[in-house]
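One structure is given below, encoded as structure tokens.
Bear in mind that the values in this text are calculations on the coordinates, not laboratory data. Keep in mind that this is a model prediction, so the values were computed, not measured. Methodologically, a virtual Cβ is constructed for each residue, glycine included, from the backbone with ideal geometry; neighbour enumeration extends over all protein chains shown.
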Amino acid sequence: MNKIKCECGHVNPEGTVLCEACGKPIEGNQHIDGNDKKKLLNMRYDGSARRSQTYNKSIIDKIWSFFSSVKVGVWLIVVTLIASAVGSIFPQEMYIPADAASRDPAIFYEDRYGIFGLIFYQLGFHNLYSSWWYMILIALIGISLVICSIDRVVPLYKALKLQKAKRHETFINRQRLYSESESVSKEEIQQVKEKLKKQRYKIRDEDGHILAEKGRFSRWGPYVNHIGLIVILLAAMLRFTPLLYMDEYVWVREGQQLVIPGTDGEYYIENKRFLLETHDENDERFKDSLAKQGEMVPSNYQTDVIIYKAHESEVAGAEPELEKIIESDIRMNKPLKFDGYTLYQAGYQLNEFTNMSFKIHETNDSEEEALDSFTINLTSPESDYELDNGFRVVVDQYYPDYYLDDNGEPASETNYPRNPAFVLLIYPPGEVTPEVSFIGIGRNIDATGENQYKAGIEDFEMHNVSGLTVRVDYTLPLFIIGAAIFMIGVSQGMYWQHRRIWIHPKQKGVLLAAHTNKNWFGVKSEIEKAIAGTTIKMVEDQQELDE
Amino acid sequence: MSLEQIKKRKRNKKRNRLIFRTATLAVLLIAVVFALVSNFQKDKTIYSVGDKAPDFQLQQINNNNELETVRLSDYEGKGIMLNFWATYCKPCEAEMPYMEKLYPEYNEKGIEIIAVSLDATQLVVNRFIDKYELTFPIPHDTRGQVMDLYKVGPMPSTFFINPEGEIEDIVEGALTLERLEGHLQDIQPN
């Protein structure tokens with residue numbers, strides 16, 4: 001390790017570009033920041049030595065310097081970006097459509113997308129976002145973030161701490177804002193100092209060499225920002241532990257009692273009622289905007305529930321012994337919390353059929369006078385109904401969610417009574433051969449055309465369905481902390497600027513130079529104010545002259 | 001400062017740097033390993049090939065079968081085809097006749113077919129059973145407990161369980177007659 005002693009007497013670590021104390025460009029290192037080809041100095045990291053770029057002795061040092069490279073970091077991000085994009089070309093494994101001939105990913109992708117599907121599957125893109133290699137990519141970005149930050153913040157901190165007010169002349173005249181003044185009196189310099197102080201600069205004076213500095217704090221913004229990102233990554237990582245994070249969804253029908261998914265069968269939920277309320281269109285406050293909207297605007301989504309705790313049952317499926325623990329309502333943004341679980345109102349379906357009542361009348365009776373009537377419970381219909389007046393009805397087929405399938409045969413699309421239809425066998429009193437009818441919403445078909453009796457829908461009851469999100473999330477506070485730190489870092493770097501002004505006495509006159517990390521216009525106007533009324537010349541922007 | 005002292009300081013500094021870098025890399029490595037391992041274990045909550053099939057007990061609703069309840073652990077020593085299905089699921093319907101066709105033969109050879117119905121309405125299931133004249137036990141999972149236990153997604157899903165009670169294979173989607181027979185042979189007790 002070769003330390004470099006500058007002519008000002010300061011000893012710099014190897015790889016330093018600009019002397020930490022006086023700023024003199026160190027010979028032989030100017031290529032690092034590209035200063036050898038430019039008139040102006042590259043002030044990135046104040047010319048401090050990024051240590052990783054210097055020694056590569058042990059394997060640890062080699063790994064360290066690999067991750068310390070911003071170039072490597074950017075490439076990692078680009079690769080991750082491309083992988084994420086490619087993963088979205090075909091559906092992910094969990095979104096393989098249910099009607100696929102085979103949902104086995106080994107078969108599905110090739111079967112549907114040909115050779116590209118096969119490649120997609122074999123490279124593991126079908127389960128990209130939780131595949132080990134994708135997670136490793138994210139992890140590498142995280143590591144690169146940490147090491148890049150450490151490797152830059154430490155030398156930068158040192159260089160800013162060690163900087164002297166007295167700078168080498170080459171450092172001064174290779175700054176972007178620069179001027180030379182021939183003869184300047186001590187009083188004038190004193191006056192400038194006072195004015196800079198008034199603009200809240202911190203002034204250091206070493207044998208007449210003056211450094212005025214403000215907003216150094218702004219330089220730490222990016223690193224604070226990175227700390228926030230790392231906290232967020234950490235929080236995301238903790239979400240893998242089921243103890244800290246769980247996310248499930250459950251549909252519960254009114255009157256239904258179900259096991260709450262994700263609770264290992266420990267808790268059950270019963271939906272007492274789902275309520276969808278709308279704003280009153282006669283309400284003075286909302287009248288106008290509701291009229292403008294032209295439709296009902298919901299004001300409340302609510303599910304009234306009972307939560308039960310199951311006492312240890314021996315085996316899944318066996319009838320559990322349930323103890324009621326909570327009876328409450330769940331409204332949007334007003335979740336129900338119990339024992340670490342949170343239930344959110346997340347969805348609903350209105351108007352599923354609960355039961356239907358029918359009456360039987362003579363086919364050619366225009367009055368449709370009821371000869372007999374019966375009610376079918378649509379969630380648990382019986383197969384046989386013996387009626388009071390001697391009729392007997394057999395439910396031959398029941399389609400809870402009726403549709404005609406591809407072969408033109410009646411079938412049910414789902415489990416749920418959304419569009420119930422029946423094939424009913426009606427036995428008139430004393431008869432042994434039934435009459436066959438097909439009955440559904442808006443359908444009443446006589447199979448033979450010779451039926452003497454007809455069953456018609458007389459009445460029905462409906463129920464609603466609530467969609468609830470079940471969640472355990474102890475990682476949220478950490479996300480909030482991470483995001484807050486991130487925002488602090490962003491504002492720190494955005495709204496403050498690190499400004500430095502050097503006054504370098506030379507024989508009778510002075511050299512004046514200034515540097516800022518952003519908003520050059522701002523620092524110029526502050527200099528203008530400070531030197532007003534003196535013979536010191538206003539700085540010129542050498543970059544503009546350069547080009 | 002003598003040359004000796006300078007050299008010593010340099011050595012110390014170098015050593016400290018190595019310790020710091022090693023420690024930082026070690027912490028990061030531990031974090032990455034933790035993330036990968038827990039992600040791997042998350043997949044494990046879904047039972048996969050090689051795991052012991054979790055036990056359950058449900059009411060049996062097929063009138064062509066004399067059982068009243070079905071409990072998985074009662075079948076130890078037998079090969080089990082555990083099928084999850086529903087009447088409204090077309091691919092499920094397609095594979096049912098194959099299951100019924102092979103059932104008598106393979107039941108003799110020590111295999112049980114258990115087809116857990118995820119329907120809501122028993123009547124619908126009964127009519128379906130009549131239509132295809134199914135004879136194997138059909139437990140009815142009315143509350144979705146067993147579906148939740150086995151983390152069944154879209155249907156049909158079939159678990160082939162060997163006589164030792166371990167999951168030998170999981171098939172998502174419908175099976176053809178030949179593939180079904182092949183799977184049954186795989187779990188046949190010796």
How large is ³J(HN,Hα), in whole Hz, for each residue of the range A:132-141 in order, when computed from phi with the Karplus curve 6.51 cos²θ - 1.76 cosθ + 1.60 and θ = phi - 60°, using x for Gly and Pro?
-> 4, 6, 5, 5, 5, 4, 4, 4, 5, 4
Rounded to 10°, Cα long-axis angle of helix A:221-238 versus longest principal axis of chain A = 30
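Using just the helices of chain A, give the 222 nm mean residue ellipticity in deg cm²/dmol: DSSP H runs with n ≥ 4 each add -39,500 (n - 2.57), and the total is spread over all residues, rounded to 500. Before the final figure, lay out the partial values.
Numbers: 11 runs with 157 residues, N = 547.
When only DSSP H runs of four or more count, the value is -9500 deg cm²/dmol.
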Values of log10 I(q)/I(0), in the order q = 0.21, 0.22 Å⁻¹, for the range B:21-141 under a Debye, Cα-only, solvent-free model = -1.22, -1.29
Between the modelled labels at A:Y157 and A:M538 (7 Å from Cα along Cα→Cβ) the distance in nm is 4.0
The range A:182-301 - convex hull of the alpha-carbon atoms, volume per residue in Å³ | 307
About its Cα centre, how strong a charge dipole does the range A:353-464 have in debye, to the nearest 20, once Lys and Arg get +1 and Asp and Glu get -1 at the Cβ?
-> 260
Which Rg and Dmax, in Å, describe the Cα atoms of the protein assembly as shown?
-> 38.9, 130
³J(HN,Hα), Karplus 6.51/-1.76/1.60, whole Hz, each residue of the range A:356-366, x for Gly, Pro | 9, 10, 10, 10, 10, 9, 6, 4, 9, 7, 6
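What is the gain in length, in nm to one decimal, between A:D99 and A:E362 on full extension, counting 0.36 nm per residue of separation less the C-alpha to C-alpha distance? The partial results should precede the final answer.
Details: separation 263, 0.36 × 263 = 94.68 nm, distance 4.39 nm.
Gain on stretching A:D99 to A:E362: 90.3 nm.
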Quick note on A:H515, A:H279, ordering by fewest other C-beta atoms within 10 Å, gives A:H279, A:H515
For A:C8 and A:K62, compute 0.36 nm times the residue count separating them, minus their Cα-Cα distance, and round to one decimal in nm.
-> 16.1 nm
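Tell me, what is the percent relative contact order of chain B, built from C-alpha pairs under 8 Å that lie six or more residues apart?
On the way: 291 pairs, mean separation 52.3, N = 190.
Result for chain B is 28 percent.
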Efficiency of FRET from Cβ geometry, B:K101 and A:D473, R₀ 51 Å, rounded to 0.05 = 0.55
Between the helical axis of B:3-44 and the dominant principal axis of chain B, each derived from Cα atoms, what acute angle in degrees is found, rounded to the nearest 10?
-> 10
Give the relative contact order (percent, whole number) for chain A; include only Cα pairs under 8 Å separated by 6+ residues.
-> 18
For labels at B:N63 and A:V79 in the simple 7 Å Cα→Cβ model, what's the distance in nm?
-> 6.5
Helix A:70-87: inclination vs chain A longest Cα principal axis, degrees, rounded to 10, gives 20
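Could you give the C-alpha radius of gyration of the range A:59-148 expressed as a fraction of 2.2 N^0.38 Å, taking N as the number of residues it contains?
On the way: Rg = 16.8 Å, N = 90, 2.2 N^0.38 = 12.2 Å.
Ratio of Cα Rg to 2.2 N^0.38 Å: 1.38.
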Taking only Cα atoms and a 10 Å spring cutoff, compute GNM fluctuations for chain B and point out the largest among B:G153, B:G110, B:G165.
-> B:G153
Per-residue HN-Hα couplings for the range A:428-445, Karplus 6.51 cos²θ - 1.76 cosθ + 1.60 at θ = phi - 60°, whole Hz, x for Gly and Pro?
-> x, x, x, 8, 10, 9, x, 9, 9, 10, 10, 10, x, 5, x, 10, 8, 10
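Beyond 26 Å between alpha-carbons counts as too far, so tell me which of A:K161/A:K518; A:K24/A:K508; A:K193/A:K537; A:K186/A:K537; A:K518/B:K10; A:K38/A:K508 fall in that bin. Write out the running numbers ahead of the final one.
Numbers: A:K161/A:K518 20 Å; A:K24/A:K508 22 Å; A:K193/A:K537 15 Å; A:K186/A:K537 15 Å; A:K518/B:K10 38 Å; A:K38/A:K508 29 Å.
The pairs that break the limit, which is 26 Å between Cα atoms, are A:K518/B:K10; A:K38/A:K508.
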List the lysines whose alpha-carbon lies under 21 Å from that of B:K101, not counting same-chain residues fewer than 8 positions away?
-> B:K78, B:K90, B:K109, B:K131
For the range A:314-382 and the range A:461-507, distance of Cα centres in Å = 45
Length gain on complete extension for the stretch A:E327 to A:V297, per 0.36 nm per residue less the alpha carbon to alpha carbon distance?
-> 8.0 nm
In nm, give the distance between the simple-model label positions of B:N16 and B:D74, each being 7 Å from the Cα along the Cα-to-Cβ direction.
-> 7.4
